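Report on the structure given below.
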Amino acid sequence: MTIRELFIDAEAADHPQTAAIRSRLAVPARVVPGPAALFEEVRAADDPAGRGKQVLFLTRNRGAFLKACPGTRHYTCCGYRILHVGSYCTMDCAYCILQAYFHPPLLQYYVNQEDMTRELEECFSTPVIQRIGTGEFTDSLIWEPWTNLSRGLVQRFAAQRRAVLELKTKSVNVAGLLDLDHRRKTILAWSLNTERVIREQERGTAALGARLRAAAAGAAAGYPLAFHFDPVVIYDGCEAEYREVAERLFAAIPPEQVVWISLGAFRFMPDLKALIQRRFPDSRIVYGEFITGLDGKARYFKPLRIQVLRSLARAIREFAPHCCVYLCMEDDEVWRHSLGFVPAERGGLPRMLDSAAARHCGVEEG
Amino acid sequence: MDFEGEWLAAAPLPVPVDAIDAEELRFRITTRSDLEPLAASIGRLGLLQPLLLRAAGRGYTIVSGFRRLAACRQLGRREIPARVLSLAVTDACCARLAIGENALARPLNLIETARALALLTATAPDGCLPVEDAGALGLPAHAGVAARLMRLERLPAAVREGVQEGAIALAMAEELGRLAPDAASAFARLFRRLGLGLNRQREILSLVTEIAAREGRPVLEILTGHELEECLLDPAADRGHAAQQIRRRLHRRRFPAIRRAEEGFETLRRRLDLGEGLQLTPPRDFEGTCFSLTLSFGSLEELLELRGRLDALARNPALSRILKSKAEGFAPDPPPAGPRPPS
Ligand code: SF4
């Protein structure tokens, strides 16, 4: 979806970032005293989740930029930290949790990056390895056409040795990053899925081939890479199609440049179901065999998750036997039966990922 | 309201039955079609309340009294007492009179209420519901509620009939209204036949629509397929049994892997031969990893006896099979040897 209007929080109106974005985004702009009226307008739209993708609100982040990943105690979390640069997305995936997560769902970009830099500097001074990503509340690279956000972040991370930045995307917006001296402290990451899932569920995202070409360009520029098979969707023939994606991935990318690959079976908050049914009436994604997980989310019946995750993990191992493959939000039983081990045997998932980051990106503790 | 004068001025006259256009149903509110009790009463006591008609060319149209006319016809009456409104009385006035005669005399059912509201709206000069008049006539005066009710009027006949007889609640009628008319009618027929409560209706609606979406087939095809037909045609099955069969079949089709696992677990649990006092419960939806075993006893002797059975239970191969096969969905017997998970 394209942005049609720009709303500027009066408190952010004089910020140089605001001026820079205005000069690059040729849409009508309005300065507003605060978010209330805009929130109301988006809420009142027939399709708030769609309307929220057409208006961009430039504002200040009054909370923390760095946040802990919202894992739950029932399933193993990766211990990631989220860098909250903005929220929501211009692409439109049927399963996107952000449609239901924000009230209202609205594109927001935080211009007060001087505060973000301060928080990052503090974080860099902690003597432990940190894995930080911008792709949790938004797609990391949708902001590239109008901002220098990721360029700045890549450079900032290049200047330290304890933290890695993961930029996760379904876009191909990497051109502006390829010439940077990244020092392997930024991981370029793509969410991958089968052609069918991309076609039927991921409106406005880049095609699989385009994502892989962009990843190959990142690899050629020396970036460490990561891939996320998330959400893995179960349908007739899915295992063969996921295998094919793995095959295409490693035909395009040298396995030794891949830091990690995550696998996450489709799961969703119950509220999302009605929203998907309304916004994506042709999508069948919510009609799988779901149960209510221990965290209250709908999840595929466990034996089905195990079967598809095991088959995909096998395919990946076939092409990249030494790659760090992990599961997103699964318990030990699923780990054991799909990957053949549990995280505790390797020091826990955060430890596994820290080691992979140390190996590929040269980050170190102390 | 401006019709009081007209109404009072119209003294009852005998009107030839054949001069009344019984096909013009515009002002009809009632959904009742049973004539016998009314005909019997008229036969014994005469028509106590005259019809209300409006002059139309050489004859009359009915404003109120559709059933009374039909009953008199059935009794072979040639003339019938009626008050006659002049041609100049507006549709809006006639609508109010028709509604008033019905709504103020007895409680209207949902379909009659919907008709009354739709009639008020259709005859209003601006095409909008006159909310205050609706309230004065005993109809819902809230625009939102009225709009919901009026949508009933546009539903297929089978759904309306279900609402009328109380077999389909307004909430369900609205859900059915979102489906194709043929599918909505098929659901309505099924619900009326099975006499299900709202929650069960919702369960069946959701199972069928989700199966249709999952399998890429029309809803009607699932509803009228032989799988459900068989349950309805079984002469030995009463309504409750048929409903249970239908739900079971729909569940199996909607959640085949889950059903297989439930059945596999049951088969294995039976092999444990737990007997009295021991109960094995799996984690909910087989998602967690802990099974629980409940011991029920009333004396020390019973507890000691259970302890012995516990030892035997722990050695029972079916228990080990339950624990080992959980991740695969409880296939009661081990699968043939295949490739191992990657390590
Ligand atoms: S790309 Fe990611 S953030 Fe954007 S709509 Fe899809 S799932 Fe949501």
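The values are calculated or read from the model by the stated rules, or taken from the named source; none is laboratory data. Nothing here was measured: the structure is a model prediction, and the numbers come from that model. Cβ coordinates were reconstructed from backbone atoms using ideal geometry, including for glycine residues, and neighbour counts include every protein chain displayed.
Got a sec? Which of B:LEU233, B:LEU196, B:LEU190 is more than 14 Å from every other protein chain (Cβ to nearest Cβ) and without any contact (Cβ under 8 Å) to a residue 12 or more places away in the chain?
B:LEU233
Quick one: which strands (runs of 3 or more DSSP E) sit completely within segment A:271-340 and have at least 3 residues that are at pLDDT 95 or above and within 18 Å of A:GLU239 (Cα to Cα)?
Filter on segment A:271-340 gives A:324-327.
Okay, residues lined up against (1) in a helix (DSSP H, G or I); (2) more than 15 Å from the ligand (Cβ to nearest atom):
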position: A:GLY34; (1), (2): no, yes
position: A:GLY50; (1), (2): yes, no
position: A:ASN61; (1), (2): no, yes
position: A:GLN108; (1), (2): no, no
position: A:ARG118; (1), (2): yes, yes
position: A:ILE142; (1), (2): no, no
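Given (1) among the aromatic types (Phe, Trp, Tyr); (2) more than 15 Å from A:MET91 (Cα to Cα); (3) within 16 Å of the ligand (Cβ to nearest atom), identify the lone condition not met by A:PHE124.
Only one criterion is unmet by A:PHE124, namely (3).
Filter segment B:29-55 for residues that are in a strand (DSSP E or B) and over 35 Å from the mean Cα position of the chain (by Cα); which is surrounded by the most Cβ atoms within 10 Å (Cβ to Cβ)?
B:LEU53
So which helices (runs of 4 or more DSSP H) are wholly in segment B:138-231 and hold at least 1 residues that are farther than 30 Å from B:ASN102 by Cα?
B:181-194, B:198-215, B:219-223
Only one of A:ASP230, A:ASP236 is free of Cβ contacts under 8 Å to residues at least 12 places away in the same chain and either facing chain B (nearest Cβ under 10 Å) or of a type outside the set (A, V, I, L, M) (or both). Can you tell me which?
When all the criteria are applied, what remains is A:ASP236.
Could you list, in sequence order, the residues of segment A:291-310 that are within 9 Å of another protein chain (Cβ to nearest Cβ) and of a type in the set (A, V, I, L, M, F, W, C)?
A:ILE291, A:LEU294, A:PHE301, A:LEU304, A:ILE306
For segment B:240-261, state whether one or more residues are polar (S, T, N, Q), surrounded by 16 or more Cβ atoms within 10 Å (Cβ to Cβ) and away from chain A (no Cβ under 14 Å).
yes
Being farther than 16 Å from A:ASP230 by Cβ and either in a strand (DSSP E or B) or within 15 Å of the ligand (Cβ to nearest atom) (or both) is the filter here; which residues of segment A:175-187 pass it?
Answer for segment A:175-187, where residues must be farther than 16 Å from A:ASP230 by Cβ and either in a strand (DSSP E or B) or within 15 Å of the ligand (Cβ to nearest atom) (or both): just A:THR186.
All but one of (1) loosely packed, with under 13 Cβ neighbours inside 10 Å; (2) at the interface with chain A (Cβ under 10 Å from one of its Cβ atoms); (3) β-branched (Val, Ile, Thr) hold for B:THR289, so report the exception by its number.
Result: B:THR289 passes all but (1).
Within segment A:65-92, count every residue that is at pLDDT below 95, away from the ligand (no atom under 16 Å from the Cβ) and either farther than 23 Å from A:LEU165 by Cβ or not in a strand (DSSP E or B) (or both).
8
Checking the condition exposed (fewer than 15 other Cβ atoms within 10 Å of the Cβ), out of contact with any Asp or Glu (no Cβ under 8 Å at 6 or more places or on another chain) and at pLDDT 95 or above, which residue from B:GLY338, B:GLY308, B:GLY298 passes?
From the options B:GLY338, B:GLY308, B:GLY298, the qualifying one is B:GLY298.
State the number of residues belonging to segment A:315-330 that are at the interface with another protein chain (Cβ under 7 Å from one of its Cβ atoms) and in contact (Cβ under 8 Å) with a residue 12 or more places away in the chain.
0
Please specify each residue of segment A:144-174 satisfying the condition of being among the polar types (S, T, N, Q) and either free of Cβ contacts under 8 Å to residues at least 60 places away in the same chain or assigned to a strand (DSSP E or B) (or both).
A:SER150, A:GLN155, A:GLN160, A:THR169, A:ASN173
What are the pairs with Cβ atoms under 8 angstrom where one residue, in segment A:334-356, is more than 14 Å from chain B (Cβ to nearest Cβ) and the other, located anywhere, is part of a helix (DSSP H, G or I) and of a type in the set (Gly, Ala, Ser)? Sequence gap at least six, or different chains.
A:GLY347/A:SER355
Of all residues in segment A:225-258, which are in a loop (DSSP other than H, G, I, E, B) and under 21 Å from the mean Cα position of the chain (by Cα)?
Correct list: A:VAL233, A:ILE234, A:ILE253.
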